[in-house]
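Participant: Next up is a structure, given as structure tokens.
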């Protein structure tokens, strides 16, 4: 009896498998290859005249400045990347130095013969940016010395600088009327670090 039950079960399985094998189904396959995700470029450049833009470029050199005298430098920042910029900041990296031996007049009053004092007398008289004819004066920095602003991040633009958009930046320095003999023959080396954010 047991054998008959086992044979019956096997028969039922074979019949079920035969029915399954005899049934037909439609099928199809679709594929997608070569998909990718990439990012664009994020790039700014600077220029003295708005012509050719560079990653690293000397923008100004002022010699023999006198107390009360103003000097202005103008430069341009271009969005050369693939995204609009929402913010641009700038840092003055200032290093003061004595330019050779102290002069006779300077030696009488200079208490730090190994360090220059010029940056504490270089005052920002005007600081403005322009985009598409719209000008903004950056009043937060006017009246401050380069020494006060040294290594501080100055927010110079916020908004939307489109791809290929160009900011014009104008900065006017004045050698303070209170500059004395302690800054004679001194030099301030001024680096600019310009940072853009998306």
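The values are calculated or read from the model by the stated rules, or taken from the named source; none is laboratory data. Computed from a predicted structure; not experimentally measured. As a convention, Cβ positions derive from the backbone with ideal geometry for all residues, glycine included, and neighbour counts pool all protein chains shown.
Participant: Would you please name the residue that is farthest from residue 63 (Cα to Cα), looking only at residues in segment 175-189 that are in a loop (DSSP other than H, G, I, E, B) and touching a strand residue (DSSP E or B) at 6+ places or on another chain (Cβ under 8 Å)?
Facilitator: If we take residues in segment 175-189 being in a loop (DSSP other than H, G, I, E, B) and touching a strand residue (DSSP E or B) at 6+ places or on another chain (Cβ under 8 Å), then 176 is farthest from residue 63 (Cα to Cα).
Participant: Would you be able to say whether some residue in segment 169-179 is farther than 20 Å from residue 74 by Cα, surrounded by 15 or more Cβ atoms within 10 Å (Cβ to Cβ) and at pLDDT below 95?
Facilitator: To start, the set of residues in segment 169-179 that are farther than 20 Å from residue 74 by Cα comprises 176-179.
Those still in the list that are surrounded by 15 or more Cβ atoms within 10 Å (Cβ to Cβ) too: 176, 179.
Add one more test, that the residue is at pLDDT below 95, and what stays is 179.
Yes, segment 169-179 contains at least one residue that is farther than 20 Å from residue 74 by Cα, surrounded by 15 or more Cβ atoms within 10 Å (Cβ to Cβ) and at pLDDT below 95.
Participant: Something else: Just a yes or no: is a residue in segment 163-174 touching a helix residue (DSSP H, G or I) at 6+ places or on another chain (Cβ under 8 Å) and not in a strand (DSSP E or B)?
Facilitator: no
Participant: Test each condition in (1) in contact (Cβ under 8 Å) with a residue 12 or more places away in the chain; (2) within 21 Å of the chain's Cα centre (by Cα); (3) assigned to a strand (DSSP E or B) for residue 135 and report the one that comes out false.
Facilitator: Among (1) in contact (Cβ under 8 Å) with a residue 12 or more places away in the chain; (2) within 21 Å of the chain's Cα centre (by Cα); (3) assigned to a strand (DSSP E or B), residue 135 violates only (1).
Participant: Could you give me the residue pairs with C-beta distances under 7 Å whose first residue belongs to segment 30-41 and is closer than 19 Å to residue 83 by Cα, whose second residue is surrounded by 10 or more Cβ atoms within 10 Å (Cβ to Cβ) and at pLDDT 90 or above wherever it lies, and which are 6+ apart or on separate chains?
Facilitator: Partner pairs satisfying both residue conditions: 40/81; 40/82; 40/83; 41/81; 41/82.
Participant: Would you confirm whether or not segment 72-95 contains a residue that is surrounded by fewer than 16 Cβ atoms within 10 Å (Cβ to Cβ), modelled with pLDDT under 90 and under 24 Å from residue 151 (Cα atoms)?
Facilitator: no
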